[in-house]
1. Checking the cross-link filter: which lysines have an alpha carbon closer than 23 Å to that of K158, excluding same-chain neighbours under 8 positions apart?
2. So, R0 is 25 Å and r is the distance between the beta-carbons of A105 and N75; what FRET efficiency does that work out to, to 0.05?
3. Set the Förster radius R0 to 25 Å, insert the Cβ-Cβ distance between D83 and E51 as r into 1/(1 + (r/R0)^6), and round the FRET efficiency to 0.05.
4. Pop the C-beta distance of T136 and K63 into the FRET formula with R0 = 41 Å and round what comes out to the nearest 0.05.
5. Report the full-extension gain for the segment M164 to D114: residue separation times 0.36 nm, less the Cα-Cα distance, to one decimal in nm.
6. In a shell of Cβ-Cβ distance under 14 Å around E51, excluding E51 itself, what net charge do Lys and Arg (+1) and Asp and Glu (-1) give?
Amino acid sequence: MEKVMNVEAVVETAERMTMKNEGMDPTELRRMFQMFDKNGDGKITNKELSESLENLGIFIPEKELTQMIEKIDVNGDGYVDIDEFGALYQTIMHERDEDEDMKEAFNVFDQNGDGFITVEELRSVLSSLGLKQGRTIEDCKRMIKKVDADGDGMVNFKEFKQMMKGGGFAALSSS
């Protein structure tokens, strides 16, 4: 399953973490670092990080990966060392878990599993939850239109994630 990470969320989490890698087993941290440090020189390059993440099924655009390394790179050498790696790894794994939770929520609305939330699916779920928002097809059309970035009349997973970060479908019904 391909995952595209949101660099802002990863960096925010990294900034909240201490550089001491609290709560992470040092042996496990070193083992993971060595998996990413392909040439064993004690530092992870942008290329090594990208390839290792891709092997884990995590795809981060190169520009965002560079930004992530710049934020994490405390000593400013352009690489990720073992101390910096702990915060980076934890933020990536946190974002991955968050993405999976978001996918589960999306699947509740995507009743037929086609990868899109239609007006009818939205109305069905909102009414089954007993919510007054989305009682009518017109309400649901308006709600979907507010987040339908590509204009296809449905909400895909990317649009759903953006919408959820803005307060969910309920926040859309107020205007």
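Only the coordinates and a few stated rules stand behind these numbers; no lab work does. Every value quoted in this text rests on a predicted model; they were computed, and no experiment measured them. Cβ coordinates were reconstructed from backbone atoms using ideal geometry, including for glycine residues, and neighbour counts include every protein chain displayed.
1. Result set, ordered by chain and number: K3, K63, K103, K141, K145, K146.
2. Details: r = 39 Å, r/R0 = 1.55.
Once rounded, the FRET efficiency stands at 0.05.
3. Working: r = 22 Å, r/R0 = 0.86.
Step by step, r from the Cβ atoms, then E = 0.70.
4. Working: r = 43 Å, r/R0 = 1.04.
So the FRET efficiency works out to roughly 0.45.
5. On the way: separation 50, 0.36 × 50 = 18.00 nm, distance 1.94 nm.
Result: 16.1 nm gained on full extension.
6. Working: positive: K38, K47; negative: D37, E48, E54, E62.
My count for the surroundings of E51 gives -2.
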